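So the structure is just underneath, and the comments pick up after that.
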Amino acid sequence: MSESINYSKKLIIFTILYNLVEGIFALYFGLEGNSTSLLSFGLDSIIEIFASVIAIWGISSTNEKVHTQAEKLIAYSFLVLIIFILVKSTYDLLNTNKPETSFYGILIAIISILVEGPLGYKKLKLGRELNNSVIIAEAKETLFCLNLSILVIIGVGVNYLFGLWYFDPIAALFMIPWLFKEFREHIS
């Protein structure tokens, strides 16, 4: 059992390092191009780092109360992203705040799919094998990044290929139902 926990910790540490790099690039290109999808993606990378740090704290303890607190903190990270997406997307759509096109944004999202998809599913499998709600919650945060990558490709890609700028903030808004579902699942 402790070998599986140690392996989970190693996967989570890799998640932190990967998201640090991904987040820097996504935030840089998101700010440079005023892309709601890319900024949300970069913010999600920061939230994922937070969730991973909380998960290491949670799985390092045998106290069930610590597990519950860790899972709730991860759940609240979903809520933070919901608020950001609502505010930024609404502002952009109401004020015709057009994002620039971004080839690099598409590239970052493709790399994320290739890295975080297998990583998230591996952590989810371990969390279920260990019946550990903290690892499961952290894995779902990683898998959300996979879903977010697909929406970034759609939003940023349609803008890049066809110049339809509003696809960027609208793609970000499509993230909210899934985020809210995860928030409610892990807060109770």
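If you go through segment 30-79, how many residues are of a type in the set (S, T, N, Q) and buried (at least 20 other Cβ atoms within 10 Å of the Cβ)? Talk me through it step by step, then tell me what you get.
Of the residues in segment 30-79, the ones of a type in the set (S, T, N, Q) are 34-37, 40, 45, 52, 60-63, 68-69, 77.
Within this subset, residues satisfying the condition of being buried (at least 20 other Cβ atoms within 10 Å of the Cβ) are 35-37, 40, 45, 52, 77.
Residues that pass the stated criteria total 7.
If I go through segment 155-175 residue by residue, how many of them are buried (at least 17 other Cβ atoms within 10 Å of the Cβ) and part of a helix (DSSP H, G or I)?
Final tally of qualifying residues: 13.
Can you pull out the residues in segment 62-96 that are at pLDDT 80 or above and among the small types (Gly, Ala, Ser)?
Within segment 62-96, ALA75, SER77, SER89 meet the criteria.
Tally time: how many residues in segment 131-154 are surrounded by 23 or more Cβ atoms within 10 Å (Cβ to Cβ) and touching a His at 6+ places or on another chain (Cβ under 7 Å)?
Going through segment 131-154 one residue at a time, the tally reaches 2.
Can you work out which of the residues in segment 91-108 that are in contact with a Leu (Cβ under 8 Å, 6 or more places away or on another chain) and part of a helix (DSSP H, G or I) is farthest from SER37 (Cα to Cα)?
ILE108
Any residue at all in segment 13-28 that's touching a residue at least 12 places away in the same chain (Cβ under 8 Å), closer than 19 Å to GLY127 by Cβ and buried (at least 23 other Cβ atoms within 10 Å of the Cβ)?
So far as segment 13-28 goes, yes, one or more of its residues are touching a residue at least 12 places away in the same chain (Cβ under 8 Å), closer than 19 Å to GLY127 by Cβ and buried (at least 23 other Cβ atoms within 10 Å of the Cβ).
Could you check segment 127-140 and list, in sequence order, the residues that are touching a Ser or Thr at 6+ places or on another chain (Cβ under 7 Å), under 15 Å from PHE14 (Cα atoms) and not β-branched (Val, Ile, Thr)? I'd like the intermediate steps shown before the answer.
Just the residues of segment 127-140 that are touching a Ser or Thr at 6+ places or on another chain (Cβ under 7 Å), to begin with: 129-130, 135, 138.
In the following step, the residues that additionally are under 15 Å from PHE14 (Cα atoms) were identified as 135, 138.
Within segment 127-140, GLU138 is the sole residue that qualifies.
The values are calculated or read from the model by the stated rules, or taken from the named source; none is laboratory data. Only a predicted model underlies this, so the values are computations on that prediction, with no experimental measurement involved. So basically every Cβ, Gly included, is an ideal-geometry build from the backbone, and we count neighbours across all protein chains shown.
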